1. Can you tell me which of Glu89, Glu66 is open to solvent by 70 Å² or more (accessible area, probe 1.4 Å) and among the acidic types (Asp, Glu)?
2. Any idea which residue in region 130-150 is farthest from Val112 (Cα to Cα), counting only those that are without any contact (Cβ under 8 Å) to a residue 60 or more places away in the chain and in contact with a Leu (Cβ under 8 Å, 6 or more places away or on another chain)?
3. Restricting to region 150-162, count the residues that are within 16 Å of Val88 (Cβ to Cβ), open to solvent by 40 Å² or more (accessible area, probe 1.4 Å) and part of a helix (DSSP H, G or I).
4. So which residues in region 114-135 are touching a Pro at 6+ places or on another chain (Cβ under 6 Å), assigned to a loop (DSSP other than H, G, I, E, B) and within 17 Å of Pro104 (Cβ to Cβ)?
5. Those residues that are open to solvent by 90 Å² or more (accessible area, probe 1.4 Å) and closer than 30 Å to Arg181 by Cβ, I need them from region 118-149; list them, please.
6. Tell me the residue from Tyr84, Tyr73 that is among the aromatic types (Phe, Trp, Tyr), at negative phi, modelled with pLDDT of 85 or more and open to solvent by 30 Å² or more (accessible area, probe 1.4 Å), please.
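The values are calculated or read from the model by the stated rules, or taken from the named source; none is laboratory data. As the structure is a prediction and not an experimental result, all values here were calculated from the model. Cβ placement follows ideal geometry from the backbone for every residue including glycine, while neighbour counts extend to all protein chains displayed. With ligands, DNA and RNA removed, areas are computed over all heavy atoms of the protein, side chains included. Shrake-Rupley method; radii C 1.70, N 1.55, O 1.52, S 1.80 Å.
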Amino acid sequence: VIDIGITSSRAEDVDSSGGVATLEGGGVRLAHLDFEPRREAYLEITHKPDDRLVTVIELLSPANKEKPGSDLYREKREALLVQYVHIVEIDLLMRGTRLAMKQPLPLGDYFVYSTRAEDRAFAEVIGCSLRHQLPTIAIPLAEPDPELRVNLQALFNVTYDRGKYQRRPKYSESPPSFLRREDQEWARGIVAKPA
């Protein structure tokens, strides 16, 4: 029997809207012009009752894949790799820097990297195609618990529907220029089909 609980840990919001505070000694407290607090979402699976970290699941964001955030994410990743922890990284972004591996990545537009605690020198990498459904992936847990199977496509569909993202796309615009030419044509064909 696997018992799953969800907890939330959020940093306090920073109010940088503007007020000027006078400090003791005559200085003032001013907000940085370019500071915008970032919230990075990830999921941790811990073992009860000792709260031992078992698995970290990361959904990579643009901040994880572009400088300066990519350097910070790499440091966080390296810190996890030296621990006895499973790491699952889901990269559904076609832009930005991919996670560095010693060998070339398999073919794919999106990638899922699964690093098991007992074999931290290697990652199991799944390449996913823009033209196909997302795969079902394994989430490793602590022995003797069996791994969880997560259908990424079903999870994506629920998120898309609940988030009302279908209201945002502008299908009259051209497909993004970072798509391969053949994928741009394919995307135009999908959008042109009657609903």
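1. Details: Glu89 fails: open to solvent by 70 Å² or more (accessible area, probe 1.4 Å).
Criteria check complete, one pass: Glu66.
2. This residue is Glu147.
3. The number of residues fulfilling the criteria is 2.
4. Once the filter is applied, which keeps residues that are touching a Pro at 6+ places or on another chain (Cβ under 6 Å), assigned to a loop (DSSP other than H, G, I, E, B) and within 17 Å of Pro104 (Cβ to Cβ), region 114-135 yields nothing.
5. Hits for region 118-149 are Arg131, His132, Gln133.
6. Tyr84
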